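Asks: Sharing a structure here in structure tokens format.
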Amino acid sequence: MRRVSRAAVASMAYGQILPPPCLEAPRQAQAHRDVSVRPKYRGSAPIQWAIANGETKTGVTTMRIDAGMDTGEIALQEELAIGERETTPELSARLSAAGALLMEKTFRGLADGSIKTRPQDHSLATAAPMLKKEDGWIVWKRTAAEIFNRQRAFTPWPGIHTKFRGQNCHLQLEAAEGMRPEMEAGTPIWDGKELRVVCGGGSLLRVLHVKVEGRKQVSAQEFGNGARIAPGERFGEV
């Protein structure tokens, strides 16, 4: 049987449940660090789903390792604001730096007894499931802000994508001024220079780049000039 040392054990962003020998060995010096404020966003993609859901803050949590998935007793927590345009890689870097310091503080506190862990309120738990390619599918009936949040969250993968004339297109979008509530969601507005798309409630997003499946990425202007968008056409229709 493999011997497990009773030295300190740390785990960070580990997507599996640890085997019993690891859980049973070091009882006073084991901790897990995760990038959410537990019990919210339990699962493999807490950063992405926090951004996708429009959260304005998240954080890091250190906790005891137990036999559940992200269910251990909480040691320390630190909250961080999420920037309005911040993407998953950018937020991940900030959370990683904050988490390293919090983890060091946690081990010191557990070792000298100055930190007492507390149970999570499981009734407040929310899920952050593993991302799938279809999570990046653009639902144009969502508001412009909701779609932009999902773009920030799903950078670099799976990105956000839609259909145009039956072909899959990955888009890069940004907020646009104005409202067009009389137009159907998914309708492109092309004026020869700028390409915008109508979203839920008439809100608008500006297209920056388009990558049609099997082709190179082009600017919105190049796409608009080449596509010759006709009245009545929509993004998202097959």
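The values are calculated or read from the model by the stated rules, or taken from the named source; none is laboratory data. Here the structure is a predicted model, which is why all the values come from computation and not from measurement. Cβ placement follows ideal geometry from the backbone for every residue including glycine, while neighbour counts extend to all protein chains displayed. Surface areas here come from the heavy atoms of the whole protein model, side chains and all, with no ligands, DNA or RNA. Shrake-Rupley method; radii C 1.70, N 1.55, O 1.52, S 1.80 Å.
Asks: Looking at Thr126, Thr162, Thr187, Thr155, which one is open to solvent by less than 90 Å² (accessible area, probe 1.4 Å), of a type in the set (Val, Ile, Thr) and over 26 Å from the mean Cα position of the chain (by Cα)?
Replies: On the way: Thr126 fails: over 26 Å from the mean Cα position of the chain (by Cα); Thr162 fails: over 26 Å from the mean Cα position of the chain (by Cα); Thr155 fails: over 26 Å from the mean Cα position of the chain (by Cα).
Just one listed residue meets the conditions, Thr187.
Asks: Residues to consider are Glu194, Glu174, Glu222, Glu237; find the one that is of a type in the set (Asp, Glu) and touching a strand residue (DSSP E or B) at 6+ places or on another chain (Cβ under 6 Å).
Replies: Working: Glu194 fails: touching a strand residue (DSSP E or B) at 6+ places or on another chain (Cβ under 6 Å); Glu222 fails: touching a strand residue (DSSP E or B) at 6+ places or on another chain (Cβ under 6 Å); Glu237 fails: touching a strand residue (DSSP E or B) at 6+ places or on another chain (Cβ under 6 Å).
Exactly one residue qualifies, and that residue is Glu174.
Asks: Return yes or no: is Arg196 assigned to a loop (DSSP other than H, G, I, E, B) and basic (Lys, Arg)?
Replies: Values: assigned to a loop (DSSP other than H, G, I, E, B): no; basic (Lys, Arg): yes.
Judged against the criteria, Arg196 is not a match.
Asks: Further question: Across the stretch 75-113, which residue is least open to solvent (accessible area, probe 1.4 Å) among those that are within 27 Å of Ala144 (Cβ to Cβ), assigned to a helix (DSSP H, G or I) and among the polar types (S, T, N, Q)?
Replies: Thr88
Asks: Among the residues of the stretch 209-238, which ones are assigned to a strand (DSSP E or B) and open to solvent by less than 60 Å² (accessible area, probe 1.4 Å)?
Replies: Val210, Val212, Val218, Ser219
Asks: Does the stretch 130-167 hold any residues that are without any contact (Cβ under 8 Å) to a residue 24 or more places away in the chain and within 19 Å of Gly232 (Cβ to Cβ), and which are they?
Replies: Matches in the stretch 130-167: none.
Asks: If you check every pair at least six apart or on different chains, which have Cβ atoms under 8 Å apart with a residue in the stretch 168-195 that is closer than 20 Å to Lys211 by Cβ first and a residue that is surrounded by 14 or more Cβ atoms within 10 Å (Cβ to Cβ) and among the acidic types (Asp, Glu) second?
Replies: Correct list of pairs: Pro188/Glu233.
Asks: While we're on this one: Just to be sure before I move on: is Phe148 touching a strand residue (DSSP E or B) at 6+ places or on another chain (Cβ under 8 Å), in a loop (DSSP other than H, G, I, E, B) and at pLDDT 95 or above in the structure I sent? Please lay out each step first, then the result.
Replies: Values: touching a strand residue (DSSP E or B) at 6+ places or on another chain (Cβ under 8 Å): yes; in a loop (DSSP other than H, G, I, E, B): no; at pLDDT 95 or above: yes.
Judged against the criteria, Phe148 is not a match.
Asks: Follow-up. Determine which single condition Arg165 fails, assuming it passes every other condition in (1) touching a Gly at 6+ places or on another chain (Cβ under 8 Å); (2) at positive phi; (3) among the basic types (Lys, Arg).
Replies: Unmet for Arg165, out of (1) touching a Gly at 6+ places or on another chain (Cβ under 8 Å); (2) at positive phi; (3) among the basic types (Lys, Arg): (1).
Asks: Which ones in the stretch 140-175 are over 16 Å from Val198 (Cβ atoms) and among the small types (Gly, Ala, Ser)?
Replies: Ala153, Gly159, Gly166
Asks: Cβ contacts < 9 Å: first residue under 30 Å from Phe154 (Cα atoms), restricted to the stretch 90-114; second residue part of a helix (DSSP H, G or I) and open to solvent by less than 60 Å² (accessible area, probe 1.4 Å), any location; separation 6+ or different chain. Result?
Replies: Glu90/Arg152; Leu91/Ile47; Leu91/Ala50; Leu91/Ile51; Leu91/Arg152; Ser92/Ile47; Leu95/Ile47
Asks: Sticking with this structure for a sec: Considering (1) under 27 Å from Met183 (Cβ atoms); (2) open to solvent by 70 Å² or more (accessible area, probe 1.4 Å); (3) within 15 Å of the chain's Cα centre (by Cα); (4) not basic (Lys, Arg), say which one Gln167 fails and leave the rest.
Replies: Result: Gln167 passes all but (3).
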